[in-house]
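Here the structure is laid out as structure tokens; the discussion comes afterwards.
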Amino acid sequence: MARLKLFLPLIIFAALAVLFWRGLSLDPQELPSALLNKPVPEFSLPKVADSEKVLRKADLPKEPLLLNVWATWCISCRVEHPYLNKLAEQGVPIVGVNLKDDDTAAQKWLEKFHNPYLFSIADREGRLALDLGVFGAPETFLVDAEGTIRCKHVGVVDDRIWQTKLQPLYQKLKTQHWDEFAGELSDSLLSRCQ
């Protein structure tokens with residue numbers, strides 16, 4: 001028994017090392033979304049640009065779009081923002097969900113860095129983000145014309161993510177209904193939207 005006590009710290013260290021190694025090998029981009037292939041949750045929240053205007057799920061455009069969760073306090077959002085402006089200039093509709101932020105700060109941010117959003121929802125308490133299963137900002141959802149979430153991306157949307165993950169599905173959604181092409185998509189492409 002005394003010898004076992006000598007090896008106990010080594011056993012605990014080894015167990016912690018294995019857990020730490022396993023945690024480092026996980027890809028944060030592959031966080032599963034409980035809402036994949038489910039409708040965007042119902043919401044009733046103010047518009048960032050006009051807090052008197054209440055927005056609802058019915059106000060989302062009836063076309064494929066990106067639903068982007070962002071905040072002025074989010075450093076990665078600042079990195080992502082120029083690319084979202086580029087996508088908006090190319091005609092990609094983007095709706096913003098401003099997470100736990102101050103409306104005035106958000107308005108100044110959009111004036112300073114330009115506004116890629118058709119409109120931005122003020123999710124001051126984070127309820128919509130919670131309903132979407134958001135872990136933090138930025139997170140982006142690809143939503144089809146019927147308001148169903150078809151893909152989720154955790155982290156910055158840049159050219160690589162757009163070209164390899166979001167754009168192929170976005171282009172298909174623009175020309176076909178999901179049911180018409182979902183069976184044609186490769187498992188590897190769909191697995192990237194988990």
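The values are calculated or read from the model by the stated rules, or taken from the named source; none is laboratory data. None of the values given here were measured: they were computed from a predicted structure. As a convention, Cβ positions derive from the backbone with ideal geometry for all residues, glycine included, and neighbour counts pool all protein chains shown. SASA here: full protein model, heavy atoms, side chains in, ligands and nucleic acids out. Shrake-Rupley method; radii C 1.70, N 1.55, O 1.52, S 1.80 Å.
Counting DSSP beta bridges in segment 33-193, what percent are antiparallel, to the nearest 5?
Of all bridge pairs located within segment 33-193, approximately 60 percent are antiparallel.
Sort Asp123, Asp103, Asp59 by accessible area with a 1.4 Å probe, largest first.
Ranking Asp123, Asp103, Asp59 by accessible area, largest first, yields Asp59, Asp103, Asp123.
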Taking only protein heavy atoms and a 1.4 Å probe, the highest-to-lowest accessible-area order of His114, His153, His177 is His114, His177, His153
Pairwise over distinct Cα atoms, reciprocal of the mean inverse distance: report the Kirkwood radius of segment 33-193 in Å, one decimal place.
15.7 Å
Let's see if you can work this out: charge +1 on each Lys and Arg Cβ, -1 on each Asp and Glu Cβ, no other charges. What is the dipole magnitude of segment 33-193 about its Cα centre, in debye to the nearest 20?
180 debye
Cα-Cα over 20 Å, subset of Lys152/Lys174; Lys53/Lys112; Lys38/Lys172; Lys38/Lys174; Lys152/Lys172
Lys53/Lys112
Residue-ordered couplings for segment 55-66, obtained by feeding phi - 60° into the Karplus form 6.51 cos²θ - 1.76 cosθ + 1.60 and rounding to whole Hz (Gly and Pro as x), are 9, 10, 3, 4, 7, 5, x, 8, 8, x, 8, 9
Ranked output for segments 166-175, 67-76 by mean other Cβ atoms within 10 Å, highest leading, reads 67-76, 166-175
Which stretch or stretches of segment 46-71 have amide N atoms under 19 Å from the point lying 7 Å from Glu125's Cα along the Cα→Cβ direction?
46-48, 51-57
